[in-house]
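Structure record follows, encoded as structure tokens.
The values are calculated or read from the model by the stated rules, or taken from the named source; none is laboratory data. For clarity, every value in this text was computed on a predicted model and none was experimentally measured. Neighbour counts are summed over all protein chains in view; Cβ atoms, including those assigned to glycine, are modelled from backbone coordinates with ideal geometry. All accessible areas refer to the heavy atoms of the entire protein, side chains included, with ligands and DNA or RNA removed. Shrake-Rupley method; radii C 1.70, N 1.55, O 1.52, S 1.80 Å.
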Amino acid sequence: MAWQGKSLPEICAQIKDPARNGGHTLAEIHEHMAKDPLVAWAWQPGHGRVPAPGTQKEFGELIEAWIATGAHCPAQN
């Protein structure tokens with residue numbers, strides 16, 4: 001994934017930057033994370049792989065709450 005080796009602040013900035021996120025708005029990012037079958041793979045990764053914690057629905061709710069509260073990024077250490 002494009003996020004490997006990046007810090008949380010770097011990932012956050014990339015998600016929010018249309019120049020680096022495929023030209024998407026935060027609403028489109030939410031839709032993708034909450035409903036896209038490709039993202040859903042994380043919770044059903046196949047034999048021998050560990051699924052992501054929680055559910056895609058919960059993940060979508062967390063993304064929605066993050067956006068609703070200002071989509072702030074953590075500070076770089």
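Counting only helices (runs of 4 or more DSSP H) wholly contained in region 14-77, the ones carrying 1 or more residues that are of a type in the set (D, E, K, R) occupy 26-35, 56-68.
Of all the numbered requirements in (1) touching a Ser or Thr at 6+ places or on another chain (Cβ under 9 Å); (2) open to solvent by 80 Å² or more (accessible area, probe 1.4 Å), Leu8 misses one, and that requirement is (1). Consider region 20-68 and keep the residues that are within 20 Å of Ala2 (Cα to Cα) and among the aromatic types (Phe, Trp, Tyr). The one that is least open to solvent (accessible area, probe 1.4 Å) is Trp43.
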